Amino acid sequence: MRDPEEVRSDLLDTFPYEYPGSPATVEISTEEFTAVCPWSGLPDFGGVTVRYLPRERVLELRSFKYYLLSYRNVGIYQEHAANRILADLVRACAPGWMELELDYRVRGGVHTVVRVRWPGAGP
């Protein structure tokens, strides 16, 4: 099991948003997120959905995919993973707002969905 410090936020890349005066909500999703529960050592599989309002920068999708792949074999609690991903993405593209949902597959009969947003707390 790898340490969360090994997550590669440096892989995240962006490009200029050419229409900053035209608000557009961007939604990105993938079903290919994997990490490891640090308590049990069992793998966690899930889907990630990101919604955000770009200001000057847009997330580059290939870099987002490779960033998420860097979580493979990393021991991180589900709630911490969602907050860490959100913080890294906000740092990378400085959106007007951003929401992230991490929807884990059922494990041990328990289904977990973690939702986080920036700025501020959600419902």
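The values are calculated or read from the model by the stated rules, or taken from the named source; none is laboratory data. No experiment lies behind these values; they were computed from the predicted model shown. A quick note on method: Cβ atoms are made from the backbone with ideal geometry, for glycine too, and the neighbour counts reach across all protein chains shown.
Among the residues that make up the range 38-53, is at least one of them of a type in the set (S, T, N, Q) and modelled with pLDDT under 95?
Scanning the range 38-53 turns up at least one residue that is of a type in the set (S, T, N, Q) and modelled with pLDDT under 95.
Would you say S70 is touching a residue at least 60 places away in the same chain (Cβ under 8 Å), out of contact with any strand residue (DSSP E or B) (no Cβ under 6 Å at 6 or more places or on another chain), within 22 Å of R2 (Cβ to Cβ) and surrounded by 12 or more Cβ atoms within 10 Å (Cβ to Cβ)?
So S70 fits the description; yes.
Quick check on my filter: what residues within the range 69-117 are farther than 19 Å from D13 by Cα and of a type in the set (F, W, Y)?
Y77, Y104 - these are the residues of the range 69-117 that are farther than 19 Å from D13 by Cα and of a type in the set (F, W, Y).
For residues in the range 98-110 being outside any strand (DSSP E or B) and modelled with pLDDT under 95, which is nearest to A24 (Cα to Cα)?
Residue satisfying both the conditions and the ranking: V106.
So that you can scan it fast, the table gives a plain yes or no per residue for (1) of a type in the set (A, V, I, L, M, F, W, C); (2) out of contact with any Leu (no Cβ under 7 Å at 6 or more places or on another chain); (3) within 14 Å of M98 (Cβ to Cβ):
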| residue | (1), (2), (3) |
| --- | --- |
| M1 | yes, yes, no |
| D10 | no, yes, no |
| P20 | no, yes, no |
| A24 | yes, yes, yes |
| L61 | yes, yes, no |
| K65 | no, yes, no |
| G75 | no, yes, no |
| Q78 | no, no, no |
| A82 | yes, no, yes |
